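Working notes, beginning with the structure itself.
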Amino acid sequence: MKRCFAEFIGTMVLVLMGCGAAVFAGAHQPFAAAGTLGVAFAFGLAVVAMVYAIGKVSGCHINPAITMSMLLSKKISGRDAGMYMIFQVLGAIAGSALLWVLAKDSGSTTTLTGANGYAHLGQAFVAETVFTFIFVFVVLGVTSKGANNQFAGLAIGLALVLVHIVCIPITGTSVNPARSIGPALFEGGVALQQLWLFIVAPMIGAVIAAVAWKAVDTAKE
C-alpha cells in the first residue's frame, strides 16, 4: 500500500502541475506566462521531481502505460500492476479535483482541468500511439540493467518535455491514460466522449515499446 500511495501522490502532482500550467499559464489563457514550451516543461519537471521523490518507493510509474510496459517486461506482477493503475487514476482524479477548485473562478477561456481533445481522429490516434511508444521506450531504456540509472529521472522528464512540445498542438498530449481520465471526468462533454482514445492509444504505444525494447535490449535474461 505504501507503493500504491506513492503512485497516488505522484500522479496527483503530475496532473496538478502539468495541467495546472495549461489552465493558468497556457498560450490561450488571459495571463499567459508559459505557452506551449512552458506547459511542456511543467509536465517534464513534475516527472523529474516525482522520480527523485518517490522513485525508491514505487519506481515512480505515475502512468498506466508505463506500468503496462513494466508488466510486459516482467518487472512487476499482475496484481501490483492492477493496483498501481487504480491508484494512478485515483491520484489523477484528486489532482483534477484540486485544479478544478482552483480554476473554477479563474476566468480560463479554454478548460478548467487541462483535458485532452482532438480535431482529427486518425491524426490523434497515431500521435498518441507513437509518442507514447517513444516516451515508454526511453523509460525502459534508462531504467534497464546496465543503464546509467543515476540520471534516469532527468532523461525521462526531458523525454516527456520533448513529446509535449510536438504533441500539444495535436491532442494537448496525453501519453498517460490516468492524466486524461482525471481531467475528462471534471470537464465532461466532448472530453468524456473522446476519452477512449487517450486510454487505448497510449496502452497500444506502451505494448509496442515493451516489444521493441525486448528486441533491442542486450542484457541477458
So for region 37-44 (the condition being in a helix (DSSP H, G or I), touching a Lys or Arg at 6+ places or on another chain (Cβ under 9 Å) and open to solvent by 60 Å² or more (accessible area, probe 1.4 Å)), does at least one residue qualify? no
Look through region 175-214, keep the residues that are among the aromatic types (Phe, Trp, Tyr) and within 27 Å of Ser144 (Cα to Cα), and return whichever of them is least open to solvent (accessible area, probe 1.4 Å). Phe198
Scanning region 110-141 for residues that are polar (S, T, N, Q) and modelled with pLDDT under 95, the one surrounded by the most Cβ atoms within 10 Å (Cβ to Cβ) turns out to be Thr113
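Per-residue answers, yes or no, for (1) in contact with a strand residue (DSSP E or B) (Cβ under 9 Å, 6 or more places away or on another chain); (2) at pLDDT below 95; (3) over 24 Å from Ser144 (Cα atoms); (4) not hydroxyl-bearing (Ser, Thr, Tyr):
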| position | (1), (2), (3), (4) |
| --- | --- |
| Glu7 | no, no, no, yes |
| Val13 | no, no, yes, yes |
| Ala22 | no, yes, yes, yes |
| Gly38 | no, yes, yes, yes |
| Cys60 | no, no, no, yes |
| Thr67 | no, no, no, no |
| Ser77 | no, no, no, no |
| Gln88 | no, no, no, yes |
| Ala97 | no, no, yes, yes |
Residues that are assigned to a loop (DSSP other than H, G, I, E, B), β-branched (Val, Ile, Thr) and within 20 Å of Leu160 (Cβ to Cβ): does region 58-74 have at least one? yes
Could you tell me whether any residue of region 143-158 is among the basic types (Lys, Arg), more than 13 Å from the chain's Cα centre (by Cα), part of a loop (DSSP other than H, G, I, E, B) and surrounded by fewer than 23 Cβ atoms within 10 Å (Cβ to Cβ)? yes
Take Thr171 and tell me if it is more than 25 Å from Val216 (Cβ to Cβ), open to solvent by less than 10 Å² (accessible area, probe 1.4 Å) and out of contact with any Leu (no Cβ under 7 Å at 6 or more places or on another chain). yes
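The values are calculated or read from the model by the stated rules, or taken from the named source; none is laboratory data. Bear in mind that the values here come from a model prediction, so they are computed numbers and not experimental data. Every residue, glycine as well, gets a Cβ built from its backbone with ideal geometry; the counts of neighbours run over all protein chains shown. Side chains included, ligands, DNA and RNA excluded: accessible areas come from the protein's heavy atoms. Shrake-Rupley method; radii C 1.70, N 1.55, O 1.52, S 1.80 Å.
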